[in-house]
Every structure is written in structure tokens, then in C-alpha cells.
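Reviewing the structure listed below.
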Ligand SMILES: NC(=O)c1ccc[n+]([C@@H]2O[C@H](COP(=O)([O-])OP(=O)(O)OC[C@H]3O[C@@H](n4cnc5c(N)ncnc54)[C@H](OP(=O)(O)O)[C@@H]3O)[C@@H](O)[C@H]2O)c1
């Protein structure tokens with residue numbers, strides 16, 4: 001008998017990776033959730049062979065309850081950045097008297113709680129994989145309080161743990177590592193060519209801080225599969241393909257592509273921030289300092305496990321292979 005995985009965020013990076021992995025599993029059927037089942041992204045899912053594409057929103061618990069029905073496994077991801085950058089958020093945040101990132105964090109926390117509320121009503125559910133991150137305020141002992149996109153996910157998971165002990169026994173948290181693609185997608189991290197011919201990447205923190213680097217578009221599915229098929233739940237996985245500082249990553253870029261590449265730390269409020277708004281500068285600065293002082297996963301938190309600790313081992317390509325796959329032409333011309 002086949003099993004059903006329901007994937008929140010199926011049209012996006014993390015959920016898309018989970019869809020791809022489970023489509024290759026003969027014993028599993030995939031139900032993809034999206035807010036718009038008629039979009040081009042939804043059509044692509046159908047063309048790939050996704051068994052069902054269903055409309056549901058993280059903002060509407062009843063739609064999640066309907067969409068989760070019959071699931072043996074659920075993968076969920078919440079989205080801080082979509083609402084943060086959505087122009088429709090500005091009037092809402094202004095009306096609430098909040099900076100946009102505070103509003104987006106509260107919004108994401110509410111969406112995460114909706115996932116737990118709906119999953120708790122799902123009969124026959126065997127596994128919930130909740131994409132979370134560490135609680136920076138908590139694990140920094142109150143030193144870094146502006147990492148809203150981490151804290152919101154962590155607070156939703158804390159709610160799930162406290163409110164639904166039975167569901168929690170079937171839940172794994174996956175903390176997806178720092179996306180390698182951030183280098184290409186965040187304009188302020190992109191390298192600038194200096195007078196000496198060196199392409200300098202920018203990074204808003206100490207460049208020798210080890211980070212859990214991941215190709216989220218490939219790795220999320222592989223780790224989710226390992227968590228779903230393993231006999232025990234209750235894991236808090238920090239998911240990555242390499243535990244590596246940015247300066248080592250840039251050295252590999254240099255070596256692999258044969259370009260002169262370097263890295264510069266962005267100073268808080270410094271020129272490299274360009275037109276990044278004040279609330280985001282504060283958030284990213286705290287975020288990088290948190291990584292350096294307390295670890296991406298909150299290293300004093302005893303709960304995270306590393307890929308090597310999983311019951312089912314995950315084999316992933318290397319960082320070098322990811323670099324070779326990317327189109328760098330717009331950067332190194
Ligand atoms: N960049 C990093 O290094 C990093 C690392 C770890 C974690 N993260 C976290 O990853 C999250 C984003 O995940 P991603 O990269 O997979 O996102 P993404 O590629 O931007 O896609 C967002 C997905 O969320 C869905 N979605 C958004 N709002 C929704 C709603 N209200 N109801 C239902 N679905 C909704 C979208 O579906 P439709 O548009 O089809 O409805 C889409 O599939 C963020 O919260 C971020 O903090 C990022």
C-alpha cells in the first residue's frame with residue numbers, strides 16, 4: 001500500500017526538493033500544497049508527475065486541516081521573507097506600529113502554530129517534519145534579540161512541543177542550513193571586482209565562522225526522507241552538506257572556477273549594505289554575530305543532531321560540485 005506525503009511550500013526551494021525526492025520513491029504519493037493551484041509553478045508540479053496539487057494557505061487552519069487529511073507524513077516550511085518583502089506588509093506593519101521584520105516574525109510564528117494545530121487533527125499521521133531554526137534570543141541568553149526569522153520558527157516549534165505532546169512524539173525538526181544559493185540570490189553578498197582584479201564577496205559577519213552550508217534545493221528532500229523513513233522521531237536535525245567557514249567556501253570557488261575571489265566582512269552600517277533598510281541591517285548583523293558567538297544551531301541547545309547521527313545516512317554531492325553546477329556568468333564576466 002502506498003503512503004502519502006503532504007508538502008507545504010511545494011512550489012518553493014525546500015518543499016520543491018522534498019517533492020522531487022518523494023516522486024522518486026515508488027511507495028509514496030505526493031500531495032503538493034500551494035496558495036494558487038493554477039499558477040505556472042503549480043502546473044510544473046503536475047507536469048513532473050505530482051499526484052495531487054491542492055490549494056491551501058498557512059494563514060487558514062481549516063484549509064490546512066483539509067489538505068493534511070490522509071497524510072502519513074507532512075513536510076512544512078513557513079516563509080519569513082515573502083511577507084517581509086511583500087509591499088502589502090508595509091501598511092499592516094505601520095498600522096501595528098512595528099518594523100516590518102517584527103511583523104513578519106509574528107506572522108511566521110502564527111503560520112507555524114497553524115501547522116501544529118492542523119497536524120494535531122490529522123488522523124493516521126505518522127511523521128511531521130517541521131522546518132525550523134534555533135531560538136537566537138534564547139540560546140544567546142538575550143544578547144541577540146533581532147533575529148526574528150530564526151526566533152519565529154523556534155517559537156512555533158516550542159508551541160507544538162508544549163501543546164501537543166502526542167504529535168511531538170511523531171515530529172522531527174529540520175533546521176535547514178545556510179543556503180549556498182544565498183551567495184547568488186542576495187545582491188549584497190554578490191562579489192564586486194576590485195581594482196586589483198579580485199572579486200570580493202561580502203559577508204555580514206566573521207568570515208572564519210563555521211556555517212552549516214547546504215544546497216537546500218537538493219538536500220532538503222534527502223534529509224526529509226531520512227527522517228521520515230527512520231523508525232524513531234523526536235529529532236532536531238541541523239541539516240547541511242558541509243560545516244565550513246565562508247572564507248574556505250570562497251577559496252573553493254576560486255580554485256574550482258579559476259577566478260581570483262576573496263571575501264570582505266561588511267561592517268554594520270557600512271557602505272556594502274547599499275539600500276538595505278535599517279531593520280534588516282540590525283537583523284542580519286545580529287544573525288551573523290549569533291552564528292559566531294553561539295552557533296547557527298544554538299550550540300548550547302542539547303537537542304540538535306548532525307547528519308552523521310541519523311539512523312539513515314544521507315549521501316550528498318560536495319560543495320565543489322554545487323559550485324560547478326551554477327551559472328556564474330553574470331558574476332564573473
Ligand atoms: N536562505 C537561507 O539560508 C535559509 C536557511 C534556512 C531556512 N530558511 C528559511 O526558508 C524559508 C523559505 O523557504 P524556501 O526557501 O523554500 O521558500 P521559497 O522558495 O521562497 O518559497 C516559498 C514557499 O512558501 C509557500 N508559501 C508562502 N506563503 C504561504 C502561505 N501563506 N501559505 C502556504 N504556502 C505559502 C509558497 O507557495 P505558493 O506561493 O505556491 O503558495 C512557496 O512554495 C524562510 O522562512 C527562510 O527563513 C532560509
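Would you please list the contacts, defined by Cβ atoms under 7 Å and residues six or more apart or on different chains, that run from a residue in region 82-109 that is in contact (Cβ under 8 Å) with a residue 24 or more places away in the chain and within 14 Å of residue 283 (Cα to Cα) to a residue that is within 10 Å of the ligand (Cβ to nearest atom) and not in a helix (DSSP H, G or I)?
From region 82-109, the pairs are 104/80; 105/80.
Has region 116-132 got any residue that is part of a helix (DSSP H, G or I) and surrounded by fewer than 21 Cβ atoms within 10 Å (Cβ to Cβ)?
Within region 116-132 (the criterion being part of a helix (DSSP H, G or I) and surrounded by fewer than 21 Cβ atoms within 10 Å (Cβ to Cβ)), the answer is yes, since at least one residue qualifies.
Could you tell me whether any residue of region 219-232 is within 16 Å of the ligand (Cβ to nearest atom), outside any helix (DSSP H, G or I) and surrounded by fewer than 19 Cβ atoms within 10 Å (Cβ to Cβ)?
Looking for residues that are within 16 Å of the ligand (Cβ to nearest atom), outside any helix (DSSP H, G or I) and surrounded by fewer than 19 Cβ atoms within 10 Å (Cβ to Cβ), one finds none in region 219-232, hence no.
Could we say that residue 288 is in contact with a strand residue (DSSP E or B) (Cβ under 7 Å, 6 or more places away or on another chain), in a helix (DSSP H, G or I) and modelled with pLDDT under 95 here?
So residue 288 fails the test.
Which pairs turn up if I take residues in region 263-278 that are part of a loop (DSSP other than H, G, I, E, B) and look for partners that are modelled with pLDDT under 65 with beta carbon separation below 9 Å, at least 6 apart in sequence or on another chain?
266/272
Is it true that some residue in region 64-75 is part of a helix (DSSP H, G or I), within 11 Å of the ligand (Cβ to nearest atom), under 21 Å from residue 171 (Cα atoms) and touching a residue at least 24 places away in the same chain (Cβ under 8 Å)?
yes
Among the candidates 36, 107, which residue alone is in a loop (DSSP other than H, G, I, E, B), touching a helix residue (DSSP H, G or I) at 6+ places or on another chain (Cβ under 8 Å) and either over 21 Å from residue 217 (Cα atoms) or within 15 Å of the ligand (Cβ to nearest atom) (or both)?
Just a single option satisfies the conditions, and that option is 36.
Select from region 147-191 the residues that are part of a loop (DSSP other than H, G, I, E, B) and within 14 Å of the ligand (Cβ to nearest atom) and write down the one among them that is farthest from residue 231 (Cα to Cα).
If we filter region 147-191 for residues that are part of a loop (DSSP other than H, G, I, E, B), which is where we start, we get 147, 164, 169-170, 177, 180-181, 186, 190-191.
Pick out the ones that are also within 14 Å of the ligand (Cβ to nearest atom) and you get 147, 177, 180-181, 186.
Details: 147: 34, 177: 24, 180: 30, 181: 32, 186: 38 Å.
Per the stated criteria, the residue is 186.
Between a residue in region 306-325 that is closer than 14 Å to residue 214 by Cβ and any residue that is part of a loop (DSSP other than H, G, I, E, B), which pairs come within a Cβ distance under 6 Å, given they are 6 or more apart or on different chains?
307/314; 316/241; 322/180; 322/215
Kindly indicate which of 13, 21 is under 24 Å from residue 177 (Cα atoms), near the ligand (Cβ under 9 Å from one of its atoms) and in contact (Cβ under 8 Å) with a residue 24 or more places away in the chain.
Answer to the selection: 13.
Determine which single condition residue 111 fails, assuming it passes every other condition in (1) surrounded by fewer than 20 Cβ atoms within 10 Å (Cβ to Cβ); (2) farther than 23 Å from residue 225 by Cα.
The failed condition is (1).
The values are calculated or read from the model by the stated rules, or taken from the named source; none is laboratory data. Quantities reported herein were computed from a predicted structural model and do not represent experimental measurements. Positions of Cβ are backbone-derived with ideal geometry, glycine not excepted, and every protein chain shown enters the neighbour counts.
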